[in-house]
Amino acid sequence: MDEESFKRFREERIVFHGLRKNAVINLLEVGCTENQVGSICNMSGQMVQHYGREVALRSLAKDAMKPMEARWSEIEPAAFRNRIGT
């Protein structure tokens, strides 16, 4: 980073922190396995899991909604019924 070609980065305080995490998230979101991501990013499986925790939670939430969406026509009438039963 001391070379002339990186002068702009030093002057404008441009940093690369977070690029690996973004790469992990993007790769997991497009369907790469944790092993593939670790290989691509040169990261341990533990670090891939750590950085990809958000992706895993979103994926679990989406999967959890599928059964409800599939049965929504059955659930909806009861969901919006008031106490009196109308």
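Structure summary
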read-out	value
Test result for ALA78, without any contact (Cβ under 8 Å) to a residue 40 or more places away in the chain, assigned to a helix (DSSP H, G or I) and surrounded by 10 or more Cβ atoms within 10 Å (Cβ to Cβ)	no
Restricting the stretch 37-60 to residues that are among the polar types (S, T, N, Q) and not in a loop (DSSP other than H, G, I, E, B), the residue that is farthest from ARG20 (Cα to Cα)	SER59
Odd one out for LEU28, checked against (1) exposed (fewer than 12 other Cβ atoms within 10 Å of the Cβ); (2) at pLDDT 90 or above	(1)
Residue list for the stretch 1-36, restricted to those being part of a helix (DSSP H, G or I), over 15 Å from the mean Cα position of the chain (by Cα) and not small (Gly, Ala, Ser)	GLU4, PHE6, LYS7, ARG8, PHE9, ARG10, GLU11, ASN35, GLN36
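The values are calculated or read from the model by the stated rules, or taken from the named source; none is laboratory data. From a predicted model like this one, the values you see are computed outputs, not experimental measurements. With ideal geometry, Cβ positions are generated from the backbone for all residues, glycine too; neighbour counts draw on all protein chains shown.
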